[in-house]
Structures are given as C-alpha cells and as structure tokens.
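Encoded as structure tokens, the structure appears first; notes follow it.
Coordinate-derived values only; no laboratory data. Predicted model only: the values in this text are computed from it and were never measured. Cβ: placed from backbone, ideal geometry, glycine included. Neighbour counts: every protein chain shown.
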Amino acid sequence: MITSMKFDTRTACRLFALVRPHLKAFIIGLFAMVVTAAVNLALPYLFGKGLIDNVLTTRDFTLLNLVALGIIVLFIIKGGFVYTTNYLLAYVGQRAVLDLRERIFRHLQRLPLSFFARRKAGDLISHMTYDTTMIENSISKDFANLIQQIFAAVFTLVVIFVIHWKLSLLTLVVFPFMGWVFAVFSSKIRKVARKRQEKFGELTSVMEESIYGIRIIKAFNLAPVSQDRFEAENLSNFEKGMKTEQVRATMVPIIELLLVVGLSIVLWFGGSEVIKGNLTAGELMAFIGYIAMLSNPVLSISRTIATLQQAFAAGDRIFALLDEDITVEDKPDAVELGEIEGRVRFENVSFQYPGEDKRVLERINLDVAPGEIVALVGPSGAGKTTLVNLIPRFYDPTEGAIYLDEIDIRDVKQDSLREKIGLVPQETILFGVSVRENIRYGRLDATDEEIEYAAKLANAHDFIMELSEGYDTILGEKGQGLSGGQRQRLAIARAVLRNPKILILDEATSALDTESERLVQDALDRLMANRTTFVIAHRLSTIVNADRIVVLQDGRIVETGTHQELLEAGGLYHKLYQMQFSRGR
C-alpha cells in the first residue's frame with residue numbers, strides 16, 4: 001500500500017507538471033470555479049433564512065423583491081464565472097495535452113530501433129490518442145471539478161456548523177465510512193482501468209494490422225479469420241470496460257446509502273430540535289438544503305476520483321513510455337562531422353540486441369576503402385542488415401568500434417553522421433505528401449530544379465510527369481497507387497538528392513519484376529559511382545561486379561573476395577550461388 005501511494009503521488013506530480021506552464025490560466029479558472037461554488041452555497045441561505053424566516057413570516061414585500069432580485073443577480077454572476085471556468089480549464093487541458101503529445105512524439109523519434117521491434121504500433125498510437133485524451137479530461141474537467149467539490153463540501157460544512165453544531169456532528173458520523181469506501185474502490189478502479197487501456201492498445205494494433213495487410217487478407221480469403229480476431233479483441237476491450245463501470249457503479253449507491261443514513265439522522269434530530277424550540281423551521285430548511293447540497297459534492301467527488309484513477313492509469317502508461325532509455329545518444333562533447341573521404345572500418349565489432357541472449361554479430365573486422373562497393377551476402381539471419389544498421393548508428397555496437405575516416409562515429413553528432421549516408425531499403429517508405437516533398441526529404445533545402453535532376457538520374461522523372469499533378473501529386477499512404485519499381489526509384493531519387501559519401505542498399509531490387517529491376521539497377525549504378533557502397537543482395541547475380549563480396553554466417557565473416565575468387569574457393573558463397581543458379585534454370 002505504501003509503494004502504491006508513492007507511485008500515485010509521483011504520477012500526480014508529473015501530471016501536475018503538465019499544467020505548470022499554464023498555471024496562470026489554471027488558477028484563474030479555479031478561482032472562477034470557487035466563486036461559482038460560493039454562489040451555489042448562498043442559495044439555500046436565501047431561501048431558508050432569508051425567504052422563510054424573514055420574508056414569509058414578516059410578509060415584507062420590499063424584502064421579497066430584494067431576495068428575488070438578489071437571486072437573479074447571483075445567477076448572472078454565476079453565468080460569467082461558469083463561462084470563465086469552462087473556457088480557461090478547457091484551454092489548459094488541451095494545451096497541456098498538445099505539449100504532451102509533442103513530447104511523446106519527439107521521444108519516439110529518439111528511441112532506438114530495438115524499442116520499436118518489441119512494441120506494437122497500435123499500442124503506441126493508443127498512448128497518443130486514448131491515454132492523452134484521458135489526461136486532457138482529467139485536467140480540464142475532473143481535477144478542477146474535484147477541487148470545486150472539495151471547496152463546496154468544506155464551505156458547506158462550515159455553514160452547517162454555524163447553523164447548528166450538534167446536528168452537524170451527527171451528520172459527520174457517516175464520513176469515515178465514506179472515506180473507507182473511497183479508498184477501497186479507487187484502488188480497484190485504478191487496476192481495472194489500466195488493464196482496459198492495455199486492451200485498447202491491443203485492439204488498435206489489430207485494426208492497424210488488418211488495414212495494412214488488407215491485400216493479403218483478401219488474397220488468402222482471411223476475412224473471417226481477421227474478423228474473428230478483431231471481434232475477440234473488441235469483446236475483451238468491452239469486458240474490461242464493463243468491469244471498470246461495474247466497480248464505479250457499485251461505489252456510487254454505497255455512498256448514496258451512507259448519505260441517506262446521515263440525512264435520516266438529521267431529519268429525526270432536527271425535527272425534535274424545532275419542536276423543542278432550539279431551532280427555527282427556516283434554519284432546519286436551510287440546514288437540510290445544505291445537507292442536500294453536501295450530498296452532491298460528496299457523490300461528485302466519488303465519481304471524479306474514479307475517473308481520475310483512469311487518468312492516473314493513462315499517466316502510468318505514458319510516463320513509462322517517456323522513461324524508456326534512449327540508448328543511442330550524442331556524447332556531451334560530440335562534434336559535427338565535416339567533409340569525409342568515405343573510408344569505413346569495423347574493428348572487433350560485436351552486437352547483441354537488448355534482452356536477447358545470443359549475439360547477432362561476433363568480432364567483425366572489415367576495412368572498406370573510399371568509393372569501394374562491398375556486397376554483403378549470407379543466409380537469412382546471418383547479420384547482414386544488422387551490420388549496415390550500425391553505420392548510421394541505428395544501434396551502437398555491444399563491443400568494438402566503427403570508424404569513419406579514422407573517426408569513431410560515436411564521437412560525432414548523429415545528425416551530421418547521417419547527412420553523409422544514403423539509405424535505399426527493400427521496403428520503400430513514402431509519406432502522404434507530394435512526390436516533390438517525398439524526394440526533398442533527402443535534403444530539405446533542395447531546389448525544385450535539384451529535385452527534378454535527382455529524379456531524372458533515378459529514372460523517375462518520366463513516370464512522375466505522367467501522374468495527375470506531376471511532382472505535386474499527393475501520394476496515398478505508404479505510396480499507394482505506385483508500383484514497387486516506381487516507389488523504389490523515388491527512394492533512389494531521395495538518396496541521389498542527399499549526395500551521400502556512403503550508400504547503403506538493403507536488398508533494393510529483390511521484390512521487383514525484370515523491367516522494374518532493370519530501371520532501378522540502372523539508377524543504382526549511377527548512384528553508386530564514386531561512393532562507398534554497402535549492398536545487401538538476395539539475388540547474387542546483381543552483385544557479381546562488386547569490388548568485394550563479404551560472406552556472413554551466424555554473425556561472423558567466413559569469406560571475402562571477388563565473385564570469381566569466391567566461386568573458385570568452393571565455400572559458402574559457391575554453395576549459395578549454385579543453389580540460386582539451379583533454381584533459376
């Protein structure tokens with residue numbers, strides 16, 4: 001219980017830190033809320049003491065007019081403060097979540113690739129949507145409402161003690177029981193709310209996978225399987241949601257029952273005090289009015305605490321994400337990488353993914369000269385992609401070092417390092433912006449003329465001009481509407497525009513038809529000229545002209561040489577080549 005309370009306090013403090021930059025607006029909103037609560041508290045006194053004891057008993061029409069006018073004025077004042085409260089607290093809530101989403105997104109951009117390999121995209125999306133919405137509501141509505149209701153409850157207690165302290169003490173008998181109910185149910189709501197939010201993330205993942213993989217689903221008639229999987233996750237999400245509501249729904253009637261017990265005591269004892277002459281009828285009416293008003297904040301507090309527990313659960317998930325370590329960071333004294341020749345040297349490099357027992361790379365030693373074309377081949381899982389991913393520091397070696405022109409790449413700023421590297425992956429990533437902007441991502445300050453020149457070198461200009469809006473055509477999600485070869489040529493144009501000293505081609509032609517492969521390979525040949533190039537190729541026929549072929553197996557370099565040298569050696573490369581050649585006949 002102590003650990004849980006500390007954790008709650010830490011989460012609450014971190015949530016409040018989101019409000020701190022907008023504290024002025026938040027305080028003004030709370031002040032307006034307090035004034036609204038004070039106006040509400042004045043009404044029973046006006047009706048009980050003012051109307052019944054002073055107006056109706058004296059039959060004073062002037063005083064009656066003043067009381068009626070006073071009520072109208074109070075509601076006009078209340079309306080202005082209600083508007084101020086709602087507007088300012090909504091502003092603070094939405095602005096805090098705007099800042100939080102930007103903070104989450106920036107953090108995601110800095111996390112290593114290993115993090116994304118073990119987390120579902122749908123779960124991360126639910127952090128940015130569902131969880132942040134819960135926090136927004138807690139700031140703009142729930143937390144502020146909690147403060148208002150606490151103030152209303154405290155102020156009401158002060159007033160009823162002034163009216164009749166004995167009656168007030170009797171009323172408070174039920175409060176310790178209500179506090180115990182709050183504590184028990186709040187803990188339960190926190191737990192079930194966290195489970196529900198986790199289920200929502202899983203549901204989002206299933207939806208994303210179904211949309212992304214719709215082509216495969218249709219091709220293999222997997223719609224019933226996909227539907228069953230979605231329905232199972234949707235039902236699970238529903239059940240977790242109903243569990244949350246069940247706990248909340250159980251708490252409220254228990255609180256109401258305790259309040260009714262307190263009210264019954266008040267009616268019995270208060271009635272006897274009126275009969276004895278120790279209390280006027282107007283004072284009793286005002287007292288009962290305040291007790292009725294007290295029930296509203298108490299019930300509201302119980303509901304708000306339940307909702308806040310869901311916000312705390314959302315905060316737990318978001319802050320756990322923000323606390324994820326950024327394992328690849330610039331050193332405090334990291335420097336900008338200037339002009340380079342392009343020599344890349346691996347010195348005793350080993351690598352092991354976080355949480356894995358086996359090393360993917362083991363003591364790699366490789367020296368690549370400027371302008372040299374090196375092909376990496378080997379069985380699936382040999383470590384080829386992992387090896388090239390170390391060059392732009394998508395990961396850092398577990399042991400050893402990588403040097404660029406004899407400079408340890410960990411001693412330079414990541415941005416300046418990656419400016420010298422061009423990447424053309426097997427699965428081309430295009431964004432939902434124009435063709436021009438997709439190419440410009442290679443170098444953001446490029447002119448339109450430079451973009452078109454890069455497209456021509458990549459054999460992309462002709463098909464771009466055939467699109468509906470040419471270079472201004474907005475692409476669909478992930479380049480929908482373009483062929484694989486067209487998407488790949490846009491990726492090459494992006495790399496050409498970057499004009500990198502080091503080029504990484506990760507199976508850039510493996511999924512293309514013959515004609516597309518010819519166009520793409522022609523563009524790649526232009527791109528590789530005078531650049532240090534690492535080529536991962538599934539089709540060994542595409543790398544026969546490489547300056548050097550490096551063969552990997554189980555994370556180790558087992559052979560190096562030219563295509564002809566490796567064939568004559570009769571080793572693993574020869575075996576792989578013969579297997580492909582025999583399949584191709």
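Tabulated results
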item	result
Packing-based exposure ordering (other Cβ within 10 Å, fewest first) of F312, F177, F116	F116, F177, F312
Per residue, the convex hull volume that the Cα atoms of the stretch 362-453 enclose (Å³)	151 Å³
Semi-axes of the equivalent ellipsoid for the stretch 92-181, Cα gyration tensor, largest first, Å	46, 15, 8
Extension gain from I125 to E427, taking 0.36 nm per residue of separation minus the Cα-Cα distance	106.5 nm
Exposure proxy ranking, count of Cβ atoms within 10 Å, fewest first, for H563, H127, H574	H574, H563, H127
Debye equation applied to the C-alpha atoms of the stretch 344-584, log10 I(q)/I(0) at 0.13, 0.16 Å⁻¹	-0.82, -1.17
Order of V225, V368 - criterion: other Cβ atoms within 10 Å of each residue's Cβ, fewest first	V225, V368
Label point 7 Å beyond Cα of E324 along Cβ direction - residues of the stretch 337-370 with amide nitrogen under 19 Å	352-356
Label-point separation, V335 to F31 (7 Å along Cα→Cβ), nm	5.5 nm
R0 of 60 Å, Cβ-Cβ distance R118-A38: FRET efficiency to nearest 0.05	0.70
Inter-label distance for Y453 and L157, nm, one decimal - labels placed 7 Å from Cα along Cα-to-Cβ	7.7 nm
Of K120/K243; K199/K358; K456/K501, pairs whose Cα-Cα distance is over 29 Å	K199/K358
Modelled FRET efficiency - R0 51 Å, E469 with N365, Cβ distances, 0.05 increments	0.50
Distance (nanometres) between label positions extended 7 Å along Cα→Cβ at E568 and N499	4.1 nm
Gained length - I77 relative to E406, 0.36 nm times residue gap less alpha-carbon distance	111.1 nm
Extension reserve of the R229-V184 stretch, reckoned as 0.36 nm per residue once the Cα distance is removed	12.7 nm
